[in-house]
Amino acid sequence: MTKNLNAKLLFEIFLAFVKIGAVTFGGGLAMLPILERELSQKRGWVTQDELLDYYAIGQATPGIIAVNVATFCGHKLQGTLGGIVATLAIVTPSIFVITILAMFINSLDQIPVMQKALTGINIAVAANLSYSFLKLFKKTAANFFGAILMVVAFVLIFFFKVNTVLIIFCAILLGIAIYVLNDSMKKNSADE
């Protein structure tokens, strides 16, 4: 489906994702509350469920989760060009910061103020991750089956060191199997 290009909206997409990219520390799960606040609550560009779907797909596909989610959101709003704009916008702050840090990296870890700043950032990231985990848990483990699947996946990954790619692949297959089984059961009950 071709979107009608809107230069104003493309510029708003760019600004929103530059802002998200500039204030997101910890990446991945830590950025979920920021994405939700900026894209779902503040702008109404995506629903919370769409955002969780984008996040899940972004985790299951190669690349950086933040970039993948930005691409999906931008594409939803303005097609391929929107996806490109959102992707470039979310990585722009990181490129600048990483370039500057790379110039001074050898000396930064020796400066006591920087050590304290990094400790503070780590604490903030841990709090953000905890918040994101609780929100995700409430959404994805809303029923008994989801909660059991989450616990089993955690145990397999944490205690048995099963590769997360294998867990994701198995969860995808299980989800498809359950969908097919439920669909088949509905058709059988409708035929009776």
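Electrostatic bookkeeping for GLU36 treats Lys and Arg as +1 and Asp and Glu as -1; over the other residues with beta carbon under 12 Å from its beta carbon, the sum is +2.
One quarter of the surface of the convex hull around the alpha-carbon atoms of segment 119-175 equals 4.7 nm², the direction-averaged projected area.
The charge dipole of segment 27-73, taken about the Cα centre with unit charges on the Cβ atoms of Lys, Arg (+1) and Asp, Glu (-1), comes to about 160 debye, rounded to the nearest 20. Residue-wise HN-Hα couplings along segment 154-165, as the Karplus relation 6.51 cos²θ - 1.76 cosθ + 1.60 with θ = phi - 60° gives them from phi, are 4, 4, 5, 6, 6, 8, 9, 6, 6, 4, 5, 4 Hz; Gly and Pro carry x. When +1 charges are put on Lys and Arg Cβ atoms and -1 charges on Asp and Glu Cβ atoms, the dipole computed for the chain relative to its Cα centre reaches about 360 debye. Between the listed residues ALA153, ILE95, ALA117, the Cα displaced farthest toward the positive end of the dipole of the chain, a dipole computed from Cβ unit charges relative to the Cα centre, is found at ALA117. Full extension of the segment from THR92 to ILE121, taken as 0.36 nm per residue of separation minus the current Cα-Cα distance, would add 8.4 nm. Of the residues PHE104, LEU51, CYS73, the one whose Cα sits farthest toward the positive end of the charge dipole of segment 50-192, with +1 on the Cβ of Lys and Arg and -1 on the Cβ of Asp and Glu, is PHE104. For the chain, the relative contact order works out to 22 percent when only alpha carbon pairs closer than 8 Å and six or more residues apart are counted.
Which residues make up the longest stretch of the chain that has no chymotrypsin sites (Phe, Trp or Tyr not before Pro) in a DSSP loop with at most 11 other Cβ atoms within 10 Å? Maximal segment without exposed cleavage sites: 1-158.
Over segment 70-148, Cα pairs under 8 Å with separation of 6+ residues give a relative contact order of 13 percent.
Between ASN6 and VAL152, the FRET efficiency estimated from the beta carbon spacing at R0 = 45 angstrom works out to 0.50. Backbone phi angles across segment 89-106, fed through the Karplus curve with coefficients 6.51, -1.76 and 1.60 (θ = phi - 60°), yield HN-Hα couplings of 5, 6, 8, 4, x, 5, 4, 5, 5, 5, 4, 5, 4, 4, 5, 10, 4, 5 Hz in residue order; Gly and Pro are listed as x. Loop-located trypsin sites (Lys or Arg not before Pro) across segment 88-172 with a Cβ neighbour count of 10 or fewer within 10 Å are LYS161, with loop assigned by DSSP.
Inter-label distance, ALA142 to ILE111: 4.7 nm, where each label sits 7 Å from its Cα along the C-beta direction.
Of all lysines in the structure, the ones whose alpha carbon falls short of 20 Å from that of LYS76, not counting any fewer than 8 places away in one chain, are LYS3, LYS8, LYS19, LYS42. Out of (i) 15.0; (ii) 10.3; (iii) 12.8, which label holds the value of mean projected area of the Cα convex hull in nm² that was computed here? Read-out taken from this structure: (i). Annotation: extensible slack from ASN188 through LEU173 equals 3.2 nm (criterion: 0.36 nm per residue apart, minus Cα-Cα distance).
Throughout, read-outs are computed from the coordinates displayed, never taken from laboratory work. Quick caveat: nothing in here was measured; it's all calculated off a predicted structure. Neighbour counts run over all protein chains shown; Cβ positions are idealised from the backbone, glycine included.
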